[in-house]
Amino acid sequence: MTSIGIDHKLPNQKTVYLKSVIVCLLLLLSSLAVAQEDSRISSKVDTTFIKIGEQIIWTVTVDVDSTANVVFPEGQTFSPLETVEAYKTDTTRKKDRIILEKSYALTQFDSGAYKLPTQFIDINGKGFYTDSLQINVANVPVDTLNQKMYDIKELMVVEKSSSNWWKIILVVVLLLALLGSVLYWFVFRKKPLSEEQQIALLPPYDRALLELKKLENSKYLIQDEYKKYYSELTDIVRSYLEEDVHVSALESTTDQLIDKLELMTDAGELELDKETIQQFKRILQTADLVKFAKSKPEDSVAEQDRKAIEQIVVKTHDALPEPTEEELMQQAEFKEELERKQKRQKTRLAVGITSGFLTAVAIFTIFYFGPKYVWDTISGHPTKKLLEKEWIASTYGYPGVHLETPEVLARQKVKLPPELEATLKELQVFSYRNGEGLLTIGTTTSVLANPEGEPEYEKTVENFIKQLERKGAKNIITKQEDFTTLSGAKGTKVYGSGKFAVPESEELIAGKYTIILFGGKGFQIQVILTWLEDDVYAQEIIDRIVSTIEVKLEA
């Protein structure tokens, strides 16, 4: 019975264990389902068929919680396809969730069927993978049977466009516009006159009446400022007499001024009655008492004095004799002289502003570019002009050497020496020489008589050095290193310096040279460059040429 009891218990324990395992599996599957529902990933391409070099757009879409951290693939993870560009992530929000869309431009330069591999997407530290796809890359068909064959055409010199001139013209126009604006604003613009300036331009009679009217509306009397009131009152009438009657009134005392007016009346220069002069004397004496003795007349007296001064100004103006023709001419000449003086002042101001502007531009230019660069620009440095020209990219010879140069290399007619006719089948030479900057650019393509023959670099360099020595070069230093183009073509670079002879001169100058050699079965290519040692612009030209060299290593 005991054994039977044990047998009954075992199935129960297994059942419990099995149920617990099933529950755990269900919980795990439900959590995975929730996680999968929480993060949804999909990917697509715009096409699965392209030609060589065309691009496809692969897009992955991730639908996650707004707090999720998503890391997309970076770099060349699409091999054998190449990543051209990874575009910015496009984000769309929907309540507490976000939809992230990331696109990549992919390409392939060889025909065939390629598998776009699965991509790893990191979401909150968990990895998810996209689906893989097959991309077909078709070759571009070339019909070589029906195409006619033509001889290689001679190089054609193309007139280069002046596409950079518009930038220079734009800068010049902007600077001139700025200078014109400054001159207009500070010199030629008719500035609005202030009230004081407008009053100062009025004739003395009109100005005196206007100032007396302003004095009438002032608050001097209300504020018991009699001294200011009478000071301004006497200054107005004295200034008028100074300008219109031509009597020194501002620097004269009361008695002196009255004496001068009486003398002018007696001489017939001023038709003013004695009563008016006596009234004027009384007002001036009152003003002296107010200014120096602190006298305070009644407001009515002060107002009557102002009105009396106004009448004196009117009577004095009427008493003045009519100006003679000579006086009118003098006034016209004075006005013309004043206009000429103002014109000269404007001219000097314009010249000063222009000179200052040009000086500031020159200082800024020298500070920004350096004095040597500015001087070389002004003096027209030969290699600097070459460097800043629009360069030409072309292929020379066959097998061709492709490079960019500031000037087209011209084909040279070269006759093979008798000693080379047995080893060379053809020699193609292209070169350019700048006599002012002593810069030489040349390419040589040698087709060997033996199609299976290998180029002899050492012999070529030795012949080049001997040729330099025959032309008078001395102290030649030679270095050598491997050279590789951007496309991976390998060659040899021989470079150095020395003292080179100047054509049509016995002078030796410090210069540099570079020979870059490529070759294969049956041919050899040389790029030969020489330039002045201290010419920084020539060095930039050489560096740019060398960086653009490309060759096709097959005959």
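The values are calculated or read from the model by the stated rules, or taken from the named source; none is laboratory data. Quick caveat, the model's predicted, so the values are computed rather than measured. Cβ sites come from the backbone with ideal geometry, for glycine too, and all protein chains shown count toward neighbours. Areas reflect the complete protein model, heavy atoms only, side chains present, ligands, DNA and RNA absent. Shrake-Rupley method; radii C 1.70, N 1.55, O 1.52, S 1.80 Å.
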May I ask you to list the residues of segment 448-463 whose amide nitrogen lies under 20 Å from a point 7 Å from Cα along the Cα→beta-carbon direction of Q480? 453-463
Okay, which of segment 298-322 sit inside 14 Å, backbone N to the point 7 Å along the Cα-Cβ direction of A267? 321
So how strong a dipole does segment 252-336 carry about its Cα centre when Lys and Arg Cβ are +1 and Asp and Glu Cβ are -1, to the nearest 20 debye? 760 debye
With +1 assigned to the C-beta of every Lys and Arg and -1 to the C-beta of every Asp and Glu, and no other charges, what is the dipole magnitude of segment 322-424 about the Cα centre in debye, to the nearest 20? 680 debye
In segment 312-400, how does Rg compare with the Kirkwood Rh, expressed as the Rg/Rh ratio over alpha carbon atoms? 1.58
Gyration tensor (alpha-carbon) shape descriptor, segment 434-475, a/c threshold 1.5: oblate
Inter-probe distance in nm under a simple model that places probes 7 Å from Cα toward Cβ, at W375 and Q345: 4.3 nm
Ordered by packing density, taken as the mean number of other Cβ atoms within 10 Å over each peptide's residues, highest first, how do 217-223, 80-86, 101-107 rank? 101-107, 80-86, 217-223
Below 8 Å between Cα atoms, with a sequence gap of 6+, how large is the relative contact order for segment 87-132 in percent? 24 percent
How big is the accessible area of V502 in square angstrom, nearest 10, if you roll a 1.4 angstrom probe over the protein chains? 30 Å²
Would you work out the relative contact order for segment 50-125, in percent, from Cα pairs under 8 angstrom that are 6 or more residues apart? 45 percent
Under the 0.36 nm per residue contour assumption, what length would be gained going from the current alpha-carbon distance of K115 and A138 to full extension? 6.9 nm
With only Lys, Arg, Asp and Glu charged, each at its Cβ (+1 for the first two, -1 for the last two), find how big the charge dipole of segment 477-555 is about the Cα centre; round to the nearest 20 debye. 500 debye
How much length is gained on full extension from I222 to T359, taking 0.36 nm per residue of separation minus their Cα-Cα distance? 43.6 nm
Compute the distance from the alpha-carbon center of segment 468-529 to that of segment 244-262, in whole Å. 98 Å
For segment 248-256, take each phi angle, set θ = phi - 60°, evaluate the Karplus expression 6.51 cos²θ - 1.76 cosθ + 1.60, and give the result in whole Hz per residue in order, putting x for glycine and proline. 6, 9, 5, 9, 9, 6, 4, 5, 5
Mind ordering 244-252, 337-345, 468-476, 309-317 by average Cβ neighbours within 10 Å, highest first? 309-317, 244-252, 468-476, 337-345
Eight or more residues apart or on different chains, and alpha-carbon atoms under 26 Å: count the Lys pairs in segment 306-434 matching that. 8
